[in-house]
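Structure incoming, see below.
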Amino acid sequence: MNKWILTGITAIIAISVPATAQVKKTAPVKNAAQQKPTAVSVTASIARGKILYKEICATCHQADGTGVPRMNPPLIKTKYVLGDKTKLIKVLLLGLNEDVEIEGEYYSNPMPAQAALKDEEIADVLTFVRNNFGNKAAAITPAQVKMVRATIK
């Protein structure tokens, strides 16, 4: 076929196909652990986490997150809460049986593992803690908890 005829056919096809039918380039789909939660999902997670915190955590860490001196650490603006998500998730999954130093104070009451909680429950309570008591940090997703749980089995 002649080069000019192919060019003409290509132009006719391009003109006759509506813009809505043309293929759009999309960003690659992220895996679930990389996807950012929406504001609505974070708000819902915090609300669920608040209930779990009252049921499970408040006895030791207090309703206001201040903890108990020399026993249970505070959850207010600490590197444990605001820092590495993986490390924080592991604290809930494995518990903590070592002295914890926070701002020159040591806390020595062992924390039992909470591995019986579902991934979503762990994500919810940690998202609540990371966004209350004066804290402001990124949400933790169930997919992130699932990934960490898989590494410790």
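Computed from the coordinates by the stated procedures, all read-outs in this text should not be read as laboratory data. Every value quoted in this text rests on a predicted model; they were computed, and no experiment measured them. As a convention, Cβ positions derive from the backbone with ideal geometry for all residues, glycine included, and neighbour counts pool all protein chains shown.
Pull out the extension gain between ALA39 and MET71, defined as 0.36 nm times the separation in residues minus the alpha carbon to alpha carbon distance; nm, one decimal. Don't skip to the end; give the middle numbers.
Working: separation 32, 0.36 × 32 = 11.52 nm, distance 3.49 nm.
Result: 8.0 nm gained on full extension.
Continuing with this model, one more query. Once amide H atoms are built 1.01 Å from N in the peptide plane, which residues 5 or more positions from GLN114, or in another chain, come under 5 Å H to H?
For GLN114, the qualifying residues are LEU93, LEU94, GLY95.
Report the extension gain between ALA116 and GLN62 in nm, rounded to one decimal, defined as 0.36 nm multiplied by the number of residues separating them, less their alpha carbon distance. Intermediate results must be reported in sequence, preceding the final value.
Numbers: separation 54, 0.36 × 54 = 19.44 nm, distance 2.16 nm.
Result for the pair: 17.3 nm of gain on full extension.
Sticking with this structure for a sec: Across the range 48-59, in residue order, what do the Karplus-derived ³J(HN,Hα) couplings come to in whole Hz, using 6.51 cos²θ - 1.76 cosθ + 1.60 with θ = phi - 60° and x for Gly and Pro?
Each residue's phi maps through the Karplus curve to give 5, x, 4, 5, 5, 4, 4, 6, 10, 9, 4, 4 Hz.
Sum up the charges of everything whose Cβ sits under 13 Å from the Cβ of PRO69, counting Lys and Arg as +1 and Asp and Glu as -1, but leave PRO69 out. Numbers along the way, then the final one.
Numbers: positive: ARG70; negative: GLU103, GLU105.
With Lys, Arg at +1 and Asp, Glu at -1, the net is -1.
Further question on the same structure: Are there chymotrypsin sites (Phe, Trp or Tyr not before Pro) in the range 101-133 that DSSP marks as loop and that have at most 16 other Cβ atoms within 10 Å, and which are they? All intermediate terms of the calculation are to be shown ahead of the outcome.
Working: sites: TYR106, TYR107, PHE128, PHE133; in loops: PHE133.
Here no loop site has a sparse enough neighbourhood.
Compute the distance in nm between two label points, each set 7 Å from the Cα along the Cα-to-Cβ direction, one at ALA137 and one at LYS79.
Each label point lies 7 Å from its Cα, and together they span 1.2 nm.
Per-residue HN-Hα couplings for the range 137-153, Karplus 6.51 cos²θ - 1.76 cosθ + 1.60 at θ = phi - 60°, whole Hz, x for Gly and Pro?
My calculation for the range 137-153 gives 8, 4, 5, 10, 9, x, 5, 5, 5, 4, 4, 5, 4, 5, 7, 10, 7 Hz in order.
For the range 67-72, in order, what is each residue's ³J(HN,Hα) by Karplus, 6.51 cos²θ - 1.76 cosθ + 1.60 with θ = phi - 60°, in whole Hz (x at glycine and Pro)?
Using θ = phi - 60°, the values come out as x, 10, x, 6, 10, 10 Hz.
Go through the range 86-153 and name the GluC sites (Glu not before Pro) that are in a DSSP coil and have 16 or fewer other Cβ atoms within 10 Å of their Cβ. Write out the running numbers ahead of the final one.
Working: sites: GLU98, GLU101, GLU103, GLU105, GLU120, GLU121; in loops: GLU98, GLU103.
Here the sparse-neighbourhood loop sites are GLU98, GLU103.
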